[in-house]
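Here the structure is laid out as structure tokens; the discussion comes afterwards.
The values are calculated or read from the model by the stated rules, or taken from the named source; none is laboratory data. Bear in mind that the values here come from a model prediction, so they are computed numbers and not experimental data. Quick reminder, even Gly has a Cβ in these numbers, built from the backbone with ideal geometry, and neighbours come from all protein chains shown. Note: accessible area is taken over every heavy atom of the protein model, side chains too, but ligands, DNA and RNA are not part of it. Shrake-Rupley method; radii C 1.70, N 1.55, O 1.52, S 1.80 Å.
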Amino acid sequence: MACSFVSVGVGILTEGWPKGMYDGVGIILSILLVVFVTSISDYKQSLQFKDLDKEKKNVSIQVTRDGRRQKVSIHDLVVGDMVHLSIGDVVPADGLLISGFGLLIDESSLSGESDAVNVDNQKPFLLAGTTVQDGSAKMLVTSVGVRTEWGRLMDTLNEGGDDETPLQVKLNGVATIIGKIGLGFALLTFIVLTSRFLWGKIAHHEITKWSLNDASKLLNFFATAVIIIVVAVPEGLPLAVTLSLAFAMKKLMNDKALVRHLSACETMGSASCICTDKTGTLTTNHMVVDKIWICGQTKAVKSDHSENLLKPLISEQTFDLLLQSIFQNTGSEIVKGLDGKNKIMGTPTESALLEFGLLLGGDSKFYNDKYKIVKVEPFNSTRKKMSVLVALPGGPNKYRAFCKGASELVVKMCDKVVDADGKVVLLNEQQRSSITEVINGFASDALRTLCIAFNDIEGSSERGRIPEDKYTLISIVGIKDPVRPGVKEAVKTCLEAGIVVRMVTGDNINTAKAIARECGILTDGIAIEGPDFRNKSQQELEKIIPKIQVMARSLPLDKHKLVTHLREDFNEVVAVTGDGTNDAPALHEADIGLAMGIAGTEVAKENADVIVMDDNFSTIVKVTRWGRSVYINIQKFVQFQLTVNVVALMLNFVSACVSGSAPLSAVQMLWVNMIMDTLGALALATEPPHDGLMKRPPIGKNAKFITRIMWRNIIGQSIYQIMVLLVLKFRGKQILKLDEHDDTTLLLNTVIFNSFVFCQVFNEINSRDMEKINVFEGMISSWVFLIVMGITICSQALIVEYLGAFAQTVPLSRELWFVSVMIGAVSLVVAVLLKCIPVPSSTYVAAATHHDGYEQLPTGPDLA
């Protein structure tokens, strides 16, 4: 800009007003145009990120307000609300404990102390930003937002934005190298042009005579050198990454995926393995009781059944016991909606049991009024059971414990069973094996099994402790959770894309296997249980891990161990889904953590990179598609930009060395720079994904960003363009039969500039696909690309025909326009022919090392 201001002054002094100011003002206007277009584009992206950030912080909370339980946004929470807290929740405001059971709070985010704090009636204070580690509670909100302790702390900090993504870091390195090469060429060009000029003055004995014209020439040489640097430095690379990621994030938001960290978008494109939960991700998470075993009988449950389903089959005492266990041993709640209808708020499994209790004609209020709950041990993924202790009305020291949970676990805790006559009898081995058969039968039908048991206790010493044994088995419940529509197709797409899908679940192994077969996950691999996996040695794990397709009855630490081994021993890029608080380590350890938006706890979401808003596995596949699309789009843009860089640098450098002048003026180079950086990034970085992306293996962790295929295209295209444009520069007047007059050089330079721009227009079309010969496929649907092409061609016509005073161009005849367009069109033909030259592919190398059980993914000619 400084150079252009001096140019305006010198120009007016040498050529007069207004002709002398055109060159300098043209440069200033071009710079302003480039800066404003780039800035507006960047600003629009930052607005998108702000919207996503707002969405990221929007959490739904269950509160009691106006006498009824409801869900509200964290932004709408007010003092006086009663908040319901459970395991994994982040406390949304400061408040006081009203009631709760076994509430353990992790206050490390505020106090730095790692030990969890017990909150009870003696210490009832709850602080915003802390997390519920165990138990459940109701809390009265006393202060919100910046008035909370957490708010005051956060008010003193300004939250930083996202760090640069790995791809941006990689591309910044590329940009630095190219910039240095450009600086070298610019210096050489300036030295060559100045040396030729000085040599001419010495030869004509004019070295002591200097005029404003000479100063103007030296200034133009300096401007040419500066513009070479401007064109060489690919500042559009980081912009292209941001554009592509922002575009992908916006589209993914519409596809029900909230990307919390930018880098996850591109990393997901390299994912070679997805470890997924079963419940809610592969299945619908709308559970219903499908079968029940009670008093030695199995009964199928239909929604049109009423209380007559079980009443005729079992004694009244057993029926009452079953209803009491359903309504009192639960973490869910039956609330009345605005429409007056009963609504169940809680987890899907708990909701299914309560729905079943209501179907049998039970009333939760009756049991909660009659029996007072003394202690609750909520369900978590380590215990795999929920227990409750209630006081019986018969006397001061009479209690009844209820337990429900994972079938194998609860059956082991039982030594008695309610028999066909409704009597409590000792559980013998024969009965145990028949109960195990019932559990396995339910599981084979893809039902989730829960056992319900009770234990009557007498004596004050036992109060406050829920027993772990001597239970009486009441019933086994089979809960159905149907597979989501589209999951089977999504799993098939993953397998075709070279991504191994593994199911990791806390469910019974038979249930897990049945669902995994239905989804297409379990084929020729193995299914293993968590305890078996935990006990394997390192050597056994190395042999078995590649073959694992299902892990059942697993703890969150098993998932963490599996992820760690896959990443470290097998060099896999691992995506993990999780919803529980205990999934946080695995989500954090994985390359991409995917938390569930509906079933996920706040702790899981905080540790995840992507939040899957609809908890659907198909959405995870969409994230992978977009991740691959981002990577490929950036590669296309880099191929396009490097070609323009090489041609512009070589054309100006060789021309300067041979003829002493550069064919492309400062304003023309700035326009080319805008086509290349801002418009090129817009056109190529926002191309939507196509189905072909999921037909190739994932991109390896250590794969080179600029591949052999890209080098072939860049070098071939650059050679063609440099040769044609240099021939035009040195033999253009004869070839085009231009008459010798003052404007001939300007006319020729205009043809060179026009041909160069049309070469880039067709090169941009060619860059839409680096390997396919038909580059026009899907172009009509990419409206951003078409708009950019239209703007580029119209602007070029405007510059050549009407802005000649600023851009140093003259209007061209139809024939010369035809020549320019044909040179560009032939560049596309050359690009297509280049694609017929076979190149060993090094882009798509499966990230996994091929151990036992791995089918080697094709590369090179096999892949083609």
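Values for this structure:
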{"item": "Hull volume in cubic angstrom per residue (convex hull over the Cα atoms of the stretch 69-154)", "result": "89 Å³"}
{"item": "Solvent-accessible area, 1.4 Å probe, carbon plus sulfur percent, for the chain", "result": "58 percent"}
{"item": "Under-5 Å amide H pairs with residue 148, H placed in peptide plane, nonlocal only", "result": "none"}
{"item": "Note, ³J(HN,Hα) from phi for the stretch 562-573, Karplus 6.51, -1.76, 1.60, rounded to Hz, x at Gly and Pro", "result": "4, 4, 4, 5, 4, 6, 7, 8, 10, 6, 7, 9"}
{"item": "Average accessible area per residue (Å²) across the stretch 531-576 - probe 1.4 Å, nucleic acids and ligands excluded", "result": "41 Å²"}
{"item": "Charged-residue dipole, Cβ positions (Lys, Arg, Asp, Glu), the stretch 69-154 about Cα centre, Debye nearest 20", "result": "340 debye"}
{"item": "Farthest toward positive dipole pole in the chain [+1 Lys/Arg, -1 Asp/Glu at C-beta], among 586, 650, 362", "result": "650"}
{"item": "Tail weight of P(r) past 34 Å, computed on alpha-carbon pairs of the chain, percent", "result": "62 percent"}
{"item": "Compactness relative to 2.2 N^0.38 Å, alpha carbon Rg of the stretch 325-390", "result": "1.14"}
{"item": "Whole-number accessible area per residue in Å² for the stretch 69-154, which is evaluated in the context of all protein chains at 1.4 Å", "result": "50 Å²"}
{"item": "Filter on 559/701; 44/251; 278/622; 375/470; 370/416 - keep pairs with C-alpha separation over 24 Å", "result": "370/416"}
{"item": "Dipole magnitude of the stretch 294-478, debye to nearest 20 (Cβ charges: Lys/Arg +1, Asp/Glu -1, about Cα centre)", "result": "440 debye"}
{"item": "Backbone HN-Hα couplings from phi across the stretch 97-102 [Karplus 6.51/-1.76/1.60, Hz, Gly and Pro as x]", "result": "5, 9, 7, x, 10, x"}
{"item": "5 angstrom amide H check on residue 526, placed H, neighbours 5+ away", "result": "548, 549, 550"}
{"item": "For residue 283, residues with placed amide H under 5 Å, excluding near neighbours", "result": "484"}
{"item": "Hydrodynamic radius of the stretch 294-478 per Kirkwood, over alpha carbon pairs, in Å", "result": "17.0 Å"}
{"item": "Nearest 10 degrees, 0 to 90: helix 708-735 Cα axis against the chain principal axis", "result": "20 degrees"}
{"item": "Per residue accessible area in Å² of the stretch 294-478, where ligands, DNA and RNA are left out and the probe is 1.4 Å", "result": "47 Å²"}
{"item": "Backbone HN-Hα couplings from phi across the stretch 684-698 [Karplus 6.51/-1.76/1.60, Hz, Gly and Pro as x]", "result": "8, 7, 10, 6, x, x, 10, 4, x, 4, 9, 10, 10, x, x"}
{"item": "Rounded to the nearest 20 debye, dipole of the chain from Cβ charges on Lys, Arg, Asp, Glu", "result": "900 debye"}
{"item": "Rel. contact order, % - alpha carbon contacts under 8 angstrom, at least six apart, the stretch 294-478", "result": "22 percent"}
{"item": "Whole-Å distance, taken between Cα centres, linking the stretch 504-561 and the stretch 737-784", "result": "56 Å"}
{"item": "Contact order normalised by residue count of the chain, Cα under 8 Å, 6+ apart, percent", "result": "13 percent"}
